[in-house]
Each structure stands twice: as C-alpha cells, then as structure tokens.
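Undergrad: One structure, as structure tokens, below. Some questions next.
Values in this text are rule-based calculations from the coordinates and carry no lab data. On a predicted model such as this, the values are computed, not experimentally measured, just so you know. Please note: Cβ atoms are built from the backbone with ideal geometry, for glycine as well, and neighbour counts cover all protein chains shown.
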Amino acid sequence: MENTIVAISTAMGNGGIGIVRMSGEKSFEILEKIFRPKNKDSFIKGYQIKYGNIVDPRNEEIIDEVLVSYFVSPKSYTTEDMCEINTHGGMVVEKRILELCLENGAEIASPGEFTKRAFLNGRIDLSQAEAIIDLINSKTIREARESINQLEGHLSSKIESIRQKMLDLMIAIDVNIDYPEYDEEEVTKNKSLNELKIILEELIKLENSFNTGKVLKDGVRTVILGKTNAGKSSLLNRILKEDRAIVSNIEGTTRDTIEEFVDIEGIPLKLIDTAGIRNSSNEIEQIGIQKSKKLANSADLIIAIFDITKNLDEDDQELLEIIKDKKCIILLNKIDILPENIDLENKLKLINKNILKISAMEDIGIQSLYDKIIELYSFNTESLSNDVLISNERHKNLIQKAKMEINEAINATENDMYIDIISIYITNAMNYLAEITGNNVTDDVIDEIFKKFCLGK
C-alpha cells in the first residue's frame, strides 16, 4: 500500500506511556524528519529501539523525550515498515507528535486499519483478525484464552482441514466424471457418502460449540427478579462487592434496570437488576415493571428472589408465572431473620428444584449460589483446551450454510442424482467456509468487520 498511516494506539487520557504507531513505506523517512536519536548511527535494524527526542523540524523545538521501536518489513505487525514512538503518556504530547507525522507525509489511520493491512498483506486471515478484537474485549481469562487459540490459527486450521476433505472428494468425483471406466459407480457412491457424513459431523460439532463460545464471549444474560424489597439490589451489591444499587425499605426504589458484568470463576455473567414485580399505580414504576417482564423473556438465566419471612401473595404468583419453564435459580432470602419457612419452600419446589436459602445482607449462602451457577454452566477445561470453539455469529451462520449444502449433497448422493449436481453442493459448502478465513469474502464484509476495531489497532 502506497500511503503511510499513523494513529495514537494507547487509550485516550493520561497514562504512564503513550504510543504513536506508524506503518507504510515512508514510515522511516517521516520519522527521520522529526526524530533526533542520541546515537547518530543511521543504519536501521528490525526489532531495534532507539532513544532520543521528537522535535518540530521547523525550529528544532523538543516535543518529548522518547523511545522509538523499529520494525523492518516484512517482520512487523502489518508486514510493512513500521515504527512505534513511545512517549510520556500525556494527550498533549501524543497529539503533537501525531500532528508532526501528519504534517510530514503520513495519513490518519481509520479504525482497525493496522490489523486490516496485516490481513490484506497475508500475515493473518480474517478469523484471526476477528480474534484480535475478541481478545481486546475479553472479560474473563477463559474468553481471552479462546481468543488466543483462534489468533494462533486453531479455527483456521480446522476450517482448512474440512475444506481439504471436501477438495479431495471433489477431485475423486471429477476423476469419476472424466474417467468412469476406472471406478465402479457403486464404490464411488459409498465412498462419497461416507466422506460426506464425516464432513457433516465435523460441521455439526463446530456449530454446537457456538453455545459455549457465545457464553464465554457475551456472558450469561442473568436477570434478577423479585417483588419489591425481596433483596434484589442487596444481592447485586453482594455479588459485585460494591454498593452499586440503592438499598432501601421504601417500595419501588429500583425503577429502572441496572446492568453490570461479573466473573464467577471463569463464567461471565451479565447481571441485570430489575424493578420489583408488584401492582403499582405509579406510571414510571409501571414502565420499569413491564421492562422487567420483557427482560425475563430474553434472559439466559433468571435469579428469582423471594422473601422467606413472607408467604406467597398475588405478586409472587405473577412472578412464578414469569419464571415457569425458564432456566432459573430460586433464592429464599433473609434467612438471618427467619431460617425456616417449610410451606413456602415446598410450594416453590413444585416450580423449580434449584432452590437455595441465602441472606444477601449477611453474605450467607452466596457461595452456594456461585456453585449452582457453575454447575449449570460448567465447562470441561480439557475439552475447552482441545476443541475448537466458535463464538462469532458470522462464523456460525457460514458453518450452518455449509452444513445445509453438505446435507443436500448427502441427499443427492442417496437419491442417485447426477454427480455434477453433488459437486455443486460441495463447491458451495467450500465457498461458505472460505468466507470465514477471508479467502472468499466481499470488500463490504471486510470493511464492516474492521469498523469494530478501535483507532490505532
């Protein structure tokens, strides 16, 4: 690429260090105009760091004392000549250095353009590029680990392995079409069927991994439901270990949802505290209650809280109707006040067996709640390390399309359809899988993916 791009790669605001990144064939030429190294050696080596000053070339005014990292093509993130100017982490200094680079021939980078160049220059494929943004946005160690696996090419290798099986099958089919005398029709049919079924099994396994991958990436959407003053906000604060929600004896204190993210031993939870379920004449509170009911319908998990000191009433019955047939954990709260309410417990057991007794205020039974969540969403650590997981919606959709094409190929083979028709189905499946790695993808898709990246990456 002819143009040289530049951007601030570190987060906005003051910090211990700031990095201005530049990539392109004029990177070193531009740097030479504004950088005065203490060591006057002009020979540029890759993976070299030089100490010196960034100056305004018009008057030699020193802007900052810096370290400059050199990456000589093709051994760089983008495979182009590249440098990173490590400054003292102040926005004024970073912006001034950025301006100097722009004034001397560089162009401002678009979001994700450095990674986009790495993809277009063949250093990484499209699935690896997507893994980078997943790694940046990781919320748990497990999610980060899976992103690293994808970045290292585990998914790419798996996709390529499946495509190679398809290609080998295509070659065998083409040989049969061109030279039918060298193979018996029935033998070819049986071999094709067996191979297609093996391919189908691998695609199904990848597709099924999405559920686990999605949980690791997006978290378990967990809605906390209960009557007013049942202890929802106290529970949220206890889990978060901070006073995030207002706790009050006044009914209807929580009128809108509160969303927070928490890591429960590697299982990411997106916790949503909701307005209390009750009959209310307050218009604002009614809106909050309706929102609570709507969120419950879309939740992956519901934590329903009941006050153990009280018997079930109409509001509780409405709550029970909401959680019926949902993945749910029922909490009997305030056991520090009333440890036993056998009648209430027996009634709730008819609805759901996942019943725990807690005190959100006194931190009693909270670990049991964590244990139950881990039980419901447990991941096999060995399986996670050995298997390829997909967490990207785009990948899942393409795998599903490839699976449909292979199913059609199997049906066509079993129904003795023309072999060239079978070949078309397999070709379509191969093309869908190629879109995952970027070997067969439109510019619009590429642009859409890299728009999600931050500036400077």
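Undergrad: Show me the ranking of peptides 55-67, 19-31, 351-363 by mean Cβ neighbours inside 10 Å, starting with the highest.
TA: On the way: 55-67: 13.6, 19-31: 22.0, 351-363: 17.9.
Put in order of decreasing packing, that is 19-31, 351-363, 55-67.
Undergrad: A follow-up question, please. In nm, give the distance between the simple-model label positions of E260 and I136, each being 7 Å from the Cα along the Cα-to-Cβ direction.
TA: Modelled inter-label distance: 2.7 nm.
Undergrad: Starting from the 7 Å offset along Cα-to-Cβ, what nm value, one decimal, do you get for the label separation of I342 and R58?
TA: That separation, rounded to one decimal, is 8.8 nm.
Undergrad: Another question, if that's okay. Can you list the aspartates and glutamates whose alpha carbon sits under 19 Å from that of K189, skipping same-chain ones fewer than 8 residues off?
TA: K189 reaches D168, D174, D178, E181, E201, E405, E408, E414, D416, D420.
Undergrad: Related question: For D387 paired with E25, estimate the spin-label separation in nm (one decimal), with each label point 7 Å from Cα along the Cα-to-Cβ line.
TA: 4.9 nm
Undergrad: Between M12 and S110, what FRET efficiency follows from the Cβ-Cβ distance if R0 is 30 Å, with the result rounded to 0.05? Please list the in-between numbers first.
TA: Working: r = 17 Å, r/R0 = 0.56.
Given R0 = 30 Å and the Cβ-Cβ separation, E is 0.95.
Undergrad: A further question on this structure: I want to verify the translational diffusion coefficient of the chain in µm²/s; compute it with Stokes-Einstein, Rh as the Kirkwood radius over Cα pairs, at 10 °C and 1.306 mPa s. Present the calculation step by step, with values, prior to reporting the outcome.
TA: Values: Rh = 26.7 Å.
In µm²/s, the coefficient rounds to 59.
Undergrad: Okay, next question. Between N190 and L240, how high is the FRET efficiency from 1/(1 + (r/R0)^6) when r is the Cβ-Cβ distance and R₀ = 56 Å? Nearest 0.05. Spell out each step's value before the answer.
TA: Numbers: r = 60 Å, r/R0 = 1.06.
Efficiency at R0 = 56 Å is approximately 0.40.
Undergrad: Over all directions, what mean area does the Cα convex hull of segment 10-96 project, stated in square nanometres?
TA: Taking the Cα atoms of segment 10-96, their convex hull projects to 5.6 nm² on average.
Undergrad: If I stretch the segment between E152 and N415 completely, what's the gain in nm (0.36 nm per residue apart, minus their alpha carbon distance), one decimal? Before the final figure, lay out the partial values.
TA: Working: separation 263, 0.36 × 263 = 94.68 nm, distance 4.14 nm.
Difference between extended and current length: 90.5 nm.
Undergrad: In terms of modelled amide H atoms, which long-range or inter-chain residues lie less than 5 Å from the amide H of E107?
TA: Hits under the 5 Å cutoff: T4, I5, V6.
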